[in-house]
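**Student:** Starting off with a structure, shown below.
The values are calculated or read from the model by the stated rules, or taken from the named source; none is laboratory data. Only a predicted model underlies this, so the values are computations on that prediction, with no experimental measurement involved. Please note: Cβ atoms are built from the backbone with ideal geometry, for glycine as well, and neighbour counts cover all protein chains shown. Note: areas computed on protein heavy atoms with side chains; ligands, DNA, RNA excluded. Shrake-Rupley method; radii C 1.70, N 1.55, O 1.52, S 1.80 Å.
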Amino acid sequence: MAPADPAAPLLELGAATLGESGGRAMRARVHAIWPGARVAAPAFAVRCGPGDNLAVHVGVTAAPGGSVLVVDVGDVPELGYWGEVLTTAAEARGLAGLVIDGCVRDVAALEAHRFPVFATGVALPGATKARPGEVGATSHVGGVEVTSGDWVVGDADGVTVIGATSLDRVLDAGRARADKESGLFIALRGGATTVELLGLDPSPIQRPPDV
């Protein structure tokens, strides 16, 4: 059974292990915007109008404390949808971080704040603040459909999403995978090979007779 607050075990297992254990891994374009950024928290989904971040501003005011905003910006990603002002506002509201399928700015300030941000890149031009959007329902981010309440885990390897009803199963599978890998590490240090340990068939690989 998942602990009352699964953030610590999710962070310990990490996005890669969880993504191989039943979580839904986002596309590699969504990555940590400053070195060392890490987050494990429930999602609060935000959908923006094209080139507009009004929904992000509303999301910061509406999201429960401890949640991570997961923002869909549609087909206009190369704008600075988020910066130091919104970071300061999010910190004051007790939010845990940001995952956005678009760009941000003020990266040095975001790192100085130690506010976890995962984005596709950095862009200077700002967004408008007037178009319709949606908060608190679903968003499509990094190729993954995210529902508010899903768990989001982000670290140096990327971002993985775990459905709220799948949390126990994915945590159990993640722990089993981590235990198995620990055994592999011991065997490899003892001289075994990955080909042997993983039962791989090397026959499709061509190599000179003396190799």
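**Student:** What is the extension gain from residue 179 to residue 28, computed as 0.36 nm multiplied by their sequence separation minus the C-alpha to C-alpha distance, in nm to one decimal?
**Tutor:** Details: separation 151, 0.36 × 151 = 54.36 nm, distance 2.57 nm.
Fully extending the segment from residue 179 to residue 28 adds 51.8 nm.
**Student:** I've got another one for you. What is the diffusion coefficient of region 1-87 in µm²/s, taking the Kirkwood radius over Cα pairs and the Stokes-Einstein relation at 4 °C with a viscosity of 1.567 mPa s? Don't skip to the end; give the middle numbers.
**Tutor:** Working: Rh = 14.8 Å.
Roughly 87 µm²/s, to the nearest whole number.
**Student:** According to the square roots a ≥ b ≥ c of the eigenvalues of the Cα gyration tensor, what is the shape class of region 87-160, taking rounded for a/c under 1.5, prolate for a/b larger than b/c otherwise, and oblate for the remainder? Kindly include the intermediate steps, with their values, before the conclusion.
**Tutor:** Working: a/c = 1.35, a/b = 1.12, b/c = 1.21.
Rounded.
**Student:** Moving to a separate point now. Based on the Kirkwood radius over alpha-carbon pairs, what value in µm²/s does the Stokes-Einstein equation return for the translational diffusion coefficient of the chain at 10 °C and 1.306 mPa s?
**Tutor:** Numbers: Rh = 18.2 Å.
Once the numbers are plugged in, D ends up at 87 µm²/s.
**Student:** I would also like to ask the following. If I take all pairs of Cα atoms in region 108-211, what percentage of them are more than 18 Å from each other? All intermediate terms of the calculation are to be shown ahead of the outcome.
**Tutor:** Numbers: 3925 of 5356 pairs.
Distances greater than 18 Å cover 73 percent of the Cα pairs.
**Student:** Give me the accessible area per residue for the chain, probe 1.4 Å, as a whole number in Å².
**Tutor:** On the way: 10560 Å² over 211 residues.
Dividing the accessible area of the chain by its residue count gives 50 Å².
**Student:** Which of the three applies to region 166-211, rounded, prolate or oblate, going by the alpha-carbon gyration tensor with a ≥ b ≥ c and a/c under 1.5 meaning rounded?
**Tutor:** On the way: a/c = 5.66, a/b = 2.15, b/c = 2.63.
Note, shape of region 166-211 comes out oblate.
**Student:** So what are the three principal axis dimensions of region 73-118 from its Cα atoms, in whole Å, longest to shortest?
**Tutor:** Here the Cα extents, ordered largest to smallest, are 29, 19, 15 Å.
**Student:** Same structure, new question: Once label points are set 7 Å from the Cα along Cα→Cβ at both residue 207 and residue 189, what is their separation, rounded to one decimal in nm?
**Tutor:** 2.5
**Student:** Out of 103, 10, 151, whose Cα points farthest toward the positive end of the dipole of the chain (charges: +1 Lys, Arg; -1 Asp, Glu; placed on Cβ)?
**Tutor:** Looking along the dipole axis, the top candidate is 103.
**Student:** Return the long-range amide H neighbours of residue 68 (sequence gap of 5 or more, or a different chain), with a cut-off of under 5 Å between placed amide H atoms.
**Tutor:** 43, 44, 96
**Student:** Spin-label point model (7 Å from Cα, Cβ direction): what's the residue 76 to residue 58 distance in nm?
**Tutor:** 1.6
**Student:** Let me ask another. Would you mind telling me the share, in percent, of accessible area of region 84-200 contributed by carbon and sulfur at probe 1.4 angstrom?
**Tutor:** Details: 3280 of 5880 Å².
Carbon-and-sulfur percentage of accessible area, whole number: 56.
**Student:** Leaving ligands, DNA and RNA out of it, rank 129, 180 by accessible area with a 1.4 Å probe, largest first. Kindly include the intermediate steps, with their values, before the conclusion.
**Tutor:** On the way: 129 115, 180 140 Å².
The ranking, largest first, comes out as 180, 129.
**Student:** Sticking with this structure for a sec: Could you pull out which residues in region 52-71 have an amide N less than 16 Å from a spot 7 Å beyond the Cα of residue 130, following the Cα-Cβ vector?
**Tutor:** Correct set: 52-55.
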